[in-house]
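Read the structure below first, then the notes.
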Amino acid sequence: MNLGKFVINGPARLNGDVYISGAKNAAVAIIPAALLVDGTCRIENVPDISDVKLLLNIIEQLGAQVEFENDNTIIIDASNINSYTASYDMVKNMRASYYLIGSLLGRLGRAEVSSPGGCDFGFRPIDQHIKGFEALGAKVDIEYGVVKARADKLTGNQIYLDVVSVGATINLMLAAVKAEGVTSIENAAKEPHVVDVANFLNAMGANIKGAGTDVIKIKGVEKLRGGASYAIIPDQIEAGTFMIAAAATGGDVTVRNIIPKHMESLSAKLIEMNVGVIEGEDWIRIVNNGQIVKANVKTLPYPGFPTDLHPLIAVLLCKAEGTSTITEGVWDQRFQYVDELKRMGAMIKVDGRIAVIEGVQRLSGAPVKATDLRAGAAMVVAGLAAEGTTEVHNIKYIDRGYEKFEEKLRKLGADIKRV
Ligand code: EPU
């Protein structure tokens, strides 16, 4: 299968302003959340990416009506949801299809959702989602790769998550908003998109408190009313990608339309690495301060350093003076980018969950492939920072999560084209 490629001529020195799109990981949860609404809701700042297109297609097959007001504003009418089944064919390319379990369970008391195929970076368990659904009174079985959940009635309960999981936290909010009584999710994930989904549901009439802390309390309501409008938050990882791209190319880039508070772990790390970071109300400017210095990074749930920026910060650490480390604290198997980056001259050794990165004088262009979404973005950034021509293959992965990636980079002066 031809998954497309980017051809990049480096090195680039990125310069100018870039506008960040709506958050992918909020959008892929808020769209299923709209199925809980009896009526219409309007969602703004929806990123124009392939994951969103796939998901909209899936909810249409379940009976929702989707109308585009423009490229980034949609109106979803879920009055006539008539199916609780998302087949393998519908979800096979959609990693976040598990949110359909929580939303269909909450809406229809029943969900049959196929698990998506093999994963970009290893097996993704959903035991915490299932444990929570069961605590709310659902019976959950997995048969032939299909998660089947049903409940005559959902009743609020106290759920303690054994691991901090974004997906389980959001999925349980979806199932619990219309359950009878109070649900409390303890050891909940605190990511900005968890808060965004809670805010969306509250705008539709839900009663959720504590999102953004590690205890979320949900008082069940009978109905989510339609008619409201909601704007998705800016994408923290897209913003981080451009901040790192600016630093890796020694550029001067203002990343606009963001929430700087969401970027704190990255901003602090960049400052530690001698990158210039200037912060405004809804923008951050990255400027070249000279030689980048080594750092140790550990990825953790929010507000820790995001795992989704791991392959990207690795590229920047290749350009640092000295030896750096990245300790992966969320996904065991997030190191597939390493072999690709080595093809460009990087010196990286992986030992268990730790990558040891030796700074190098230069990266050089090479044919490489995107092994997953963020690793793909990292290869593009490496291509921009490298001397010569880099071909990044399998860019379909990148299209899952970055809106107009090459266009935005070209506006900053990059020589990149899609072939
Ligand atoms: N985990 C369990 N059991 C569960 C759920 C998770 O053991 O039931 C473990 C996972 O194995 C992992 C850790 O908990 O080690 C965290 O997983 P989490 O559930 O938080 O991840 P997710 O919800 O599946 C979301 C993002 C990922 C991002 C992670 C971590 C979406 C659609 N995806 O995944 O984003 O890496 O949170 O922040 O929101 C991406 O955007 O490229 C991406 C992969």
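The values are calculated or read from the model by the stated rules, or taken from the named source; none is laboratory data. Note that the structure is a prediction, hence the values are computed from the model and not measured. Note that each Cβ is placed from the backbone with ideal geometry, even for glycine, and that neighbours are counted across all protein chains shown.
Quick notes
- Odd one out for LYS411 among (1) surrounded by fewer than 20 Cβ atoms within 10 Å (Cβ to Cβ); (2) closer than 23 Å to MET94 by Cβ: (2)
- Considering each residue of the range 170-180 in turn, none proves to be over 24 Å from ALA34 (Cβ atoms) and more than 9 Å from the ligand (Cβ to nearest atom).
- GLY39 vs. criteria surrounded by fewer than 23 Cβ atoms within 10 Å (Cβ to Cβ) and touching a Lys or Arg at 6+ places or on another chain (Cβ under 8 Å): yes
- Selection of the range 120-147 for residues being more than 8 Å from the ligand (Cβ to nearest atom), crowded, with 19+ Cβ neighbours inside 10 Å and farther than 19 Å from ILE216 by Cβ yields VAL140, VAL147.
- Condition met for SER97 (farther than 29 Å from ILE259 by Cα, outside the structural domain of LYS404 (by TED's automatic domain parsing) and of a type outside the set (A, V, I, L, M)): no
- Neighbours by Cβ (under 6 Å, 6+ apart or cross-chain): first from the range 329-357, outside the structural domain of LEU384 (by TED's automatic domain parsing) and among the hydrophobic types (A, V, I, L, M, F, W, C); second assigned to a loop (DSSP other than H, G, I, E, B) and away from the ligand (no atom under 16 Å from the Cβ): none
- Hits in the range 364-412 - residues which are within 24 Å of ASN288 (Cα to Cα) and in contact with a Lys or Arg (Cβ under 7 Å, 6 or more places away or on another chain): ALA385, GLU387, GLU406
- For the range 294-322, the candidate set comprises residues that are in a loop (DSSP other than H, G, I, E, B) and farther than 22 Å from GLY250 by Cα; within that set, the residue that is farthest from the ligand (Cβ to nearest atom) is PRO303.
- Taking the criterion of being within 14 Å of the ligand (Cβ to nearest atom) and among the aliphatic types (A, V, I, L, M), the only residue of the range 380-419 that qualifies is ILE398.
- Strands (runs of 3 or more DSSP E) enclosed by the range 50-133 - at least 3 residues per element that are β-branched (Val, Ile, Thr): 73-77
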